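Step one of this worksheet: look at the structure below.
The values are calculated or read from the model by the stated rules, or taken from the named source; none is laboratory data. No experiment lies behind these values; they were computed from the predicted model shown. Methodologically, a virtual Cβ is constructed for each residue, glycine included, from the backbone with ideal geometry; neighbour enumeration extends over all protein chains shown.
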Amino acid sequence: LVDLYDKTGRTEDYLRTMERLGQVAPEGEKLATLRKLAAELEDRDPARAAQAYEKLLAADASADDAYRGLERVLEAQENWYELVALHRRHIAAAKTPAQRLELYLASAEAYEKHLDDPHKAIEALLNAIAIEDTNKTALAALPRLYMRTEAYDRAVDSLVRHATLEGDRGANLLAEAGTLAYEKLGDAEVAQRHLDRAIALDAEHYGALKGLAQVHASRGNWTQAVEQMLRAEGASSNRIERVELLWTAAQMVDLKLEDPNRALELYERVIKLDPDHVDAGQRIADQLVAAKRWDDALPVLEMLARQAEGLDRLERSRREAQLGRAYEALHRTEKAARHYRLAVEQDPDSLEASIGLAAVLMTEAKANEGSEIANEQWREVDRRYREILARHRSGIADSRVAEIWYRLGVASRALGEDKKAEQSFRRALEREPLHEATLGAMVELGGARGEWKMVADAKRAQVEALAKTPNSEERRAKLYEEIGDIQRERLRDVNAATGAYCEGMTLQPGSRTLLHKLLESFTEQKQWRRAIETLDQLSAQETTSDRRARFHYTAAVIARDELKDSELAVEKFHAALDDAPMTPRAFEAVEKLLEERKDWKNLARAYRRQLKRMGEDAPVEVLLPLWTRLGDTYLEGLGDNEAATEAYQVACELAPDDVQRHEQLADLYLEAGEARRHEAIAELQFLLGHAPDRVELYKALANLYRAEHELDKAWCVAQALVFLGAASDEEKLLYLKFRPAQFTPAPRRLTEELWQKSIIHPKEDRHVGAIFSSTLAALAASTAQPITSFGLTAESRTDLDRDPRAVSRIVKYVSGVLAIDPAPMVWLQEAGDGLRVANTVGLGAERQRLVPSLLVGAPQIGKNDERELAFEVGKRMAYLRPERFVTLALGSLPKLEAAFSASLLAGGKKLISHDGASFNQGASEEAKKLAQTLRQQVPGPLLEQVGELSTKLSGRVGNGLVSGWRTATDLTANRVGFIVANDLETAAKGIATEGAALSSMSVKERLRDLLAYAVSEHYFLVRRHLGLHIRGEASA
């Protein structure tokens, strides 16, 4: 029936029949039937499903799936009391701790969220922790429940326990524990301990920092409280929080620590965050105004003025006056006038507001001078000042009254009322006889009338009146200065002006202004000696060297051009240079004066003095001409070759590539004879390096080597001269006598040190080579092939030990001398053409290793000239070294450049190209793809090495770096071929006749380079090491 009802879709009959089947089924089938029934009913009829699950539990009290099914049903029905009761039954029947743990956590959640019974929830969680003391779910819930039951000490303990379990991530929990201990338990010590631990884990934890600040404040530790509050402010991104913290910190600093400057700084920070914070604004406004920090004060004062609504009129007037003063100080007169007017309206008796308004109106009137509105403004200025005198006359100081009368006079003058202006000025002088502005106005008024003598006499009368006043020297000197100005500028009496200035100097000997005016007077009168004395006085007062130098320079020019006193001029120019060595044209003037006098000794001293002034750290472009001209002076003026030599030596050190200076030095060394012979040799070799075809240099070098009994070196020079076709009979004889009649193998091998120091060409960038060497295995492996790909077999490989042909002997010899590892496999191919290198892997046990193959063609097989063979084989095998083999393995220059870019990218450093752009971003896709391969194949330490090397190339990548390196490797290979051939003529012939080379240089350029190397100390050292040199005891 069950099957039939199921197939026909009679669901209710199907379920009833299943229930009956569950009652009558045998014990073996009963449990399965009840499980199926309960599952079918769970979604259709939860009540009947619950009955089925209960029957199942009655039949099997440990059926975990029945418990879970019944729990689902009760949870869906929100029957929480029966659910927690079922949890207890389930826990009792659970077989594993993990099951019981899960059930305790579920019970706790039901008690807390649905039954609002925190105590039962705590009990369940404690049971869970008893099973697993590191359960984070339970530990996270317990503090919340303890706080609901006001068991704050246990909440703190739970938080700390949970934080300990979280380790480095426990800062939030410790901060909460500390805050709870402080706020609920009142235990500042425990609170600080937990908060300190939270900050140790997270130095920017806002809650912990703020809580710790509160703890410190409760203990009266104000400094620490402020520090923690500021740290909390820095950690917060909430503007309201930051304002509150800064305000509280500022009050502590202001009221508790009594540090007004720091408090001001904090109040300002509050205002920046909250521009409408009135309390902070009130505390800082007066301080900012007193400090005249108008830009900072302005927004604060504007805010306070806006917020003044409802305050008494005197306070509103004060705020408006302060705002007007700020605008006035910032030259915003229109706004200043507006706020001053508002201040006067609020308090007509405000003297500051009234004076401020009048002053601003006067400023506006001056600005509008010449316009129609100006007269109206001047009249208002006059009215305002007269109102001030009428309202406040008895309460104003004489100095202020004088200032007001002066301003009234200015207004009258602007209105064209000169008589009224004069009366006002005199009223001002009655109150303050020395009122400077009024005196200036009187002078201007007298000047307008053309009564300058009267003005000067009046000032003299003031001087006499001031003589009775103590400490008036400065003021009287000022009056004398003004009298002198009137005499000189208005009355055109320079003598009288000079007298007035001199009288002022007796009162104020150090007055720079008077000295300057005296200088002008002496200059006008052409009293040049007195002018120089005045310049000396001015320079003596200067504290800055540049200004002193200018005074000395001026004195020097006067001595030279006006007095024609060259000795005094040189002295003054030196004084200028002592203060400012780079004074324009000063040293050139010293040179010219001394040269004109032919005073070579003092000229040399002048150069040395100037060099000492400049110091060793001066730019090369400054030092170089000085050392050069010093050498010229010693040589040409004083005839002191030794001193000239020393000067030129320094010049050469500063400009090591300057051929002309080396030429001078070489000539001096040659003239010095035996004492300077070694230096002469070094200079000649340098010059040959730059001009290998200069025969006279070889001749001079040969003479020196013969004088030094350096037979081998002399022979090498003779060999070069023979090659150049410039050898004398004696040099030809020497060359022929010691030139080996046949190829002579070297008895020794080259060392790595010798390679690095004496063979690798200096233009071959070592960093590029080292990078290729580090990535060679991966780069070469990308093109390496087994020998069969080249039509080769192991059986046809040439046995160099047994093969009698000359080329086999030479290949074996060169491989040994060059210390090539691994030695190449060699095939002699009668049908081959030329000497080639194949990028191959080894044979047998070495089949996983790169072992290049040397393919020798018919031209070399049939050749018997061992020198020629040695050059060709040596040059080719020079590329088998790790740093160069990549050039043969990859072939073309574009592939080589792409491989180099990939190596740099794989190194992982951010680099700059030669044009300043980012190299890493501008790399080609091919380079990026190859870089990924290198990262997978090249060992990590080697990539780190590549990265370090690449940083030394930053700024130079691109712009022919790789092509230049490849060209230089060809020059190195030429050297190697020359070394093993041991014959310059043979090497030159090989270079001249070889096919396509890995070089962009012409044959002539490559020959010149080899020629210079053939007479270099590096080559001599290689010959001596290999045992190829001519023994010294042999007779020339």
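Enumerate the pairs (first residue in region 197-225 and buried (at least 16 other Cβ atoms within 10 Å of the Cβ); second residue anywhere and part of a helix (DSSP H, G or I) and of a type in the set (S, T, N, Q)) with beta-carbon separation below 6 Å, excluding pairs fewer than 6 apart on the same chain, so at least 6 apart or on different chains. Every condition considered, the pairs that remain are Leu209/Gln228; Gly211/Thr179; Leu212/Gln228; Ala213/Gln228; Val215/Gln192; His216/Gln224. Give region 421-436 a look and list any residue that's buried (at least 16 other Cβ atoms within 10 Å of the Cβ) and either within 22 Å of Leu466 (Cβ to Cβ) or not aliphatic (A, V, I, L, M) (or both), or say none. Glu422, Ser424, Phe425, Arg427, Ala428, Leu429, Arg431, Glu432, Leu434, His435, listed by residue number. Counting only residues that are of a type outside the set (Val, Ile, Thr) and closer than 28 Å to Asp312 by Cβ, region 338-382 holds 21 of them.
Need a quick list: helices (runs of 4 or more DSSP H) entirely within region 347-419 having at least 3 residues that are under 24 Å from Val443 (Cα atoms) and in contact with a Phe, Trp or Tyr (Cβ under 9 Å, 6 or more places away or on another chain).
Details: elements: 351-367, 372-392, 398-414.
In region 347-419, the matching helices (runs of 4 or more DSSP H) lie at 351-367, 398-414.
Filtering region 977-1036 down to residues that are acidic (Asp, Glu) and either at pLDDT 90 or above or touching a strand residue (DSSP E or B) at 6+ places or on another chain (Cβ under 9 Å) (or both), which residue is farthest from Ile820 (Cα to Cα)?
Within region 977-1036, the subset acidic (Asp, Glu) is 983, 985, 994, 1005, 1009, 1017, 1033.
From what's left, either at pLDDT 90 or above or touching a strand residue (DSSP E or B) at 6+ places or on another chain (Cβ under 9 Å) (or both): 983, 985, 1005, 1009, 1017.
On the way: Asp983: 22, Glu985: 26, Glu1005: 28, Asp1009: 25, Glu1017: 24 Å.
Of everything passing the filter in region 977-1036, Glu1005 is farthest from Ile820 (Cα to Cα).
Among the residues of region 89-108, is there at least one that is within 30 Å of Gly186 (Cβ to Cβ) and not assigned by TED's automatic domain parsing to the domain that holds Arg197? Yes, region 89-108 contains at least one residue that is within 30 Å of Gly186 (Cβ to Cβ) and not assigned by TED's automatic domain parsing to the domain that holds Arg197.
In contact with a Phe, Trp or Tyr (Cβ under 9 Å, 6 or more places away or on another chain) and in a helix (DSSP H, G or I): is that true of Tyr698 in this structure?
Values: in contact with a Phe, Trp or Tyr (Cβ under 9 Å, 6 or more places away or on another chain): no; in a helix (DSSP H, G or I): yes.
In short, no.
Within the set of pairs 6+ apart or on separate chains, which have a first residue in region 437-451 that is closer than 18 Å to Ala411 by Cβ and at pLDDT 80 or above, a second that is hydroxyl-bearing (Ser, Thr, Tyr) and in a helix (DSSP H, G or I), and C-beta atoms under 7 Å apart? Final answer for the pair search is Ala437/Tyr406; Thr438/Tyr406; Ala441/Tyr406. The number of residues in region 273-284 being over 20 Å from Asp259 (Cα atoms) and outside any loop (DSSP other than H, G, I, E, B) comes to 2. Figure legend. Inter-residue proximity from region 718-739: first residues basic (Lys, Arg), second residues not in a helix (DSSP H, G or I), beta-carbon distance below 8 Å, spacing 6+ or different chains. Indicated pairs: Lys737/Ala1036; Arg739/Asp983.
For the condition within 23 Å of Gln525 (Cβ to Cβ), among the hydrophobic types (A, V, I, L, M, F, W, C) and out of contact with any Asp or Glu (no Cβ under 8 Å at 6 or more places or on another chain), what is the one hit in Ala496, Ala467, Ala441?
Values: Ala467 fails: within 23 Å of Gln525 (Cβ to Cβ); Ala441 fails: within 23 Å of Gln525 (Cβ to Cβ).
Going through Ala496, Ala467, Ala441 in turn, the sole match is Ala496.
On the given criteria, is Val410 over 19 Å from Ala358 (Cα atoms) and surrounded by 17 or more Cβ atoms within 10 Å (Cβ to Cβ)? Answer is no for this residue.
Restricting attention to region 609-620, and to residues there that are basic (Lys, Arg) and surrounded by 13 or more Cβ atoms within 10 Å (Cβ to Cβ), which single residue is modelled with the highest pLDDT? Can you show your working first?
Going residue by residue through region 609-620, those that are basic (Lys, Arg) are 609, 612-613.
The next check asks that each one be surrounded by 13 or more Cβ atoms within 10 Å (Cβ to Cβ); those that pass are 609, 613.
Details: Arg609: 93, Arg613: 90.
The residue in question is Arg609.
Residue check: is Phe686 under 47 Å from the mean Cα position of the chain (by Cα), surrounded by 14 or more Cβ atoms within 10 Å (Cβ to Cβ), within 30 Å of Leu818 (Cβ to Cβ) and aromatic (Phe, Trp, Tyr)? Spelling it out, Phe686 is indeed under 47 Å from the mean Cα position of the chain (by Cα), surrounded by 14 or more Cβ atoms within 10 Å (Cβ to Cβ), within 30 Å of Leu818 (Cβ to Cβ) and aromatic (Phe, Trp, Tyr).
Does region 580-608 hold any residues that are β-branched (Val, Ile, Thr) and assigned to a helix (DSSP H, G or I), and which are they?
Hit for region 580-608 is Val590, nothing else.
Those residues that are of a type in the set (Asp, Glu) and part of a helix (DSSP H, G or I), I need them from region 31-80; list them, please.
First, the residues of region 31-80 that are of a type in the set (Asp, Glu): 40, 42-43, 45, 54, 60, 64-65, 71, 75, 78.
Matches in region 31-80: Glu40, Glu42, Asp43, Glu54, Asp64, Asp65, Glu71, Glu75.
Go through region 301-349 and give me each residue that's at positive phi and crowded, with 23+ Cβ neighbours inside 10 Å.
First, pick out the residues of region 301-349 that are at positive phi: 310, 331.
Residues satisfying the conditions do not exist here.
Of all residues in region 794-807, those being within 60 Å of the chain's Cα centre (by Cα) and either farther than 16 Å from Val837 by Cα or assigned to a helix (DSSP H, G or I) (or both) number 3.
Do the conditions hold for Lys910, that is, is it touching a His at 6+ places or on another chain (Cβ under 9 Å), more than 25 Å from Gln785 (Cα to Cα) and surrounded by fewer than 17 Cβ atoms within 10 Å (Cβ to Cβ)? Give the derivation first.
Details: touching a His at 6+ places or on another chain (Cβ under 9 Å): no; more than 25 Å from Gln785 (Cα to Cα): yes; surrounded by fewer than 17 Cβ atoms within 10 Å (Cβ to Cβ): yes.
Against the criterion (touching a His at 6+ places or on another chain (Cβ under 9 Å), more than 25 Å from Gln785 (Cα to Cα) and surrounded by fewer than 17 Cβ atoms within 10 Å (Cβ to Cβ)), Lys910 does not qualify.
Considering region 915-971, the residues that are charged (D, E, K, R) and under 24 Å from the mean Cα position of the chain (by Cα) include one that is surrounded by the most Cβ atoms within 10 Å (Cβ to Cβ), namely Arg956.
Looking at Glu71, Glu102, Glu82, Glu109, which is the one that is at pLDDT below 90 and either among the polar types (S, T, N, Q) or within 30 Å of Pro46 (Cα to Cα) (or both)? If you could, list the steps in order and put the result at the bottom.
Details: Glu102 fails: at pLDDT below 90; Glu82 fails: at pLDDT below 90; Glu109 fails: at pLDDT below 90.
Result: Glu71 is the single residue among Glu71, Glu102, Glu82, Glu109 that is at pLDDT below 90 and either among the polar types (S, T, N, Q) or within 30 Å of Pro46 (Cα to Cα) (or both).
For region 691-709, a residue qualifies if it is in contact with a helix residue (DSSP H, G or I) (Cβ under 8 Å, 6 or more places away or on another chain) and without any contact (Cβ under 8 Å) to a residue 60 or more places away in the chain, and the qualifying residues are Ala691, Arg694, Val695, Leu697, Lys699, Ala700, Ala702, Leu704, Tyr705, Ala707, Glu708.
Against the conditions (1) at pLDDT 90 or above; (2) buried (at least 19 other Cβ atoms within 10 Å of the Cβ); (3) not basic (Lys, Arg), Leu623 satisfies every one except (1).
Within 24 Å of Leu518 (Cα to Cα) and not charged (D, E, K, R): is that true of Val410 in this structure?
It is false that Val410 is within 24 Å of Leu518 (Cα to Cα) and not charged (D, E, K, R).
Does Ile240 count as of a type in the set (A, V, I, L, M) and without any contact (Cβ under 8 Å) to a residue 12 or more places away in the chain? The answer is yes for Ile240. Of the listed requirements (1) in a helix (DSSP H, G or I); (2) polar (S, T, N, Q); (3) farther than 30 Å from Ser901 by Cα, Ser789 misses just one: (3).
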